[in-house]
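Novice: Sharing a structure here in structure tokens format.
The values are calculated or read from the model by the stated rules, or taken from the named source; none is laboratory data. The structure presented is a predicted model; accordingly, all values stated were derived computationally and were not measured. Please note: Cβ atoms are built from the backbone with ideal geometry, for glycine as well, and neighbour counts cover all protein chains shown.
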Amino acid sequence: MEEFEIKVLTESLLKDILSELILLDKQGFGEKAWDEEAYNYILPDKFKLSFIIEQKGEVIGFCINSLKEDYCYIHRIVVKRDFKRKGLGEEMIKYIEKQLRQKKIALKVNVNNIFAVNFYFKMNFKIVDVLNEYYTMKKHE
């Protein structure tokens, strides 16, 4: 895969690329995709912990995170369809751990999203709770 660049998501960058994020989100989450209001919602440490992945100036993935208790909570992790299964998800988790220095990570994933659940198992996440159709998964070292 060609080189890519990871950029911390700032408030001004979000304004510039919001339509791209919404489009990618719709491809990944369909009806459950976030709208503009959801992306602009202020989360604790959102702009310190969230980032995008670009290749040749095109957004090919992103990760929206916040701080909840002592965990980096992943709200959204999205990879553009053409770039799935090329290691970008793994790169994003590693970036959270190494560059953002967040060893404790938590998220919710739909129990029916077998691909995502298996990915998080591979990345050493464990199921800690089940509520409705979502697993709460955590990773800490």
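Novice: Considering only residues that are within 9 Å of the chain's Cα centre (by Cα) and more than 13 Å from Lys108 (Cα to Cα), look in the range 70-84 and name the one that is surrounded by the fewest Cβ atoms within 10 Å (Cβ to Cβ).
Specialist: The qualifying residue surrounded by the fewest Cβ atoms within 10 Å (Cβ to Cβ) is Val79.
Novice: What pairs come out if I take residues in the range 8-20 that are within 17 Å of Asn65 (Cα to Cα) and pair them with residues that are hydroxyl-bearing (Ser, Thr, Tyr) and surrounded by 13 or more Cβ atoms within 10 Å (Cβ to Cβ) whose C-beta lies under 8 Å away, six or more apart or interchain?
Specialist: Listed by first residue and then by second, the contacts come to Val8/Ser50; Leu9/Ser50; Leu14/Tyr39; Leu18/Tyr39.
Novice: Now a separate question. Working carefully through the options Phe119, Phe115, find the one that is surrounded by 15 or more Cβ atoms within 10 Å (Cβ to Cβ) and part of a helix (DSSP H, G or I).
Specialist: Phe119
Novice: Limited to the range 103-141, what total is found for residues that are touching a Cys at 6+ places or on another chain (Cβ under 9 Å) and among the charged types (D, E, K, R)?
Specialist: Adding up the residues that qualify gives 2.
Novice: Here's something else I'd like to know. Determine which member of the set Leu67, Leu107, Leu88 is surrounded by fewer than 19 Cβ atoms within 10 Å (Cβ to Cβ) and under 15 Å from the mean Cα position of the chain (by Cα).
Specialist: Working: Leu107 fails: surrounded by fewer than 19 Cβ atoms within 10 Å (Cβ to Cβ); Leu88 fails: surrounded by fewer than 19 Cβ atoms within 10 Å (Cβ to Cβ).
Of Leu67, Leu107, Leu88, the one residue that is surrounded by fewer than 19 Cβ atoms within 10 Å (Cβ to Cβ) and under 15 Å from the mean Cα position of the chain (by Cα) is Leu67.
Novice: Which numbered condition in (1) farther than 14 Å from Ile77 by Cα; (2) in contact (Cβ under 8 Å) with a residue 12 or more places away in the chain is the only one that Ile53 fails?
Specialist: Every listed condition holds for Ile53 apart from (1).
Novice: Now a separate question. Only one of these conditions is not met by His140: (1) surrounded by fewer than 16 Cβ atoms within 10 Å (Cβ to Cβ); (2) modelled with pLDDT of 95 or more; (3) closer than 11 Å to Tyr71 by Cβ. Which number is it?
Specialist: In the conditions (1) surrounded by fewer than 16 Cβ atoms within 10 Å (Cβ to Cβ); (2) modelled with pLDDT of 95 or more; (3) closer than 11 Å to Tyr71 by Cβ, His140 misses (2) alone.
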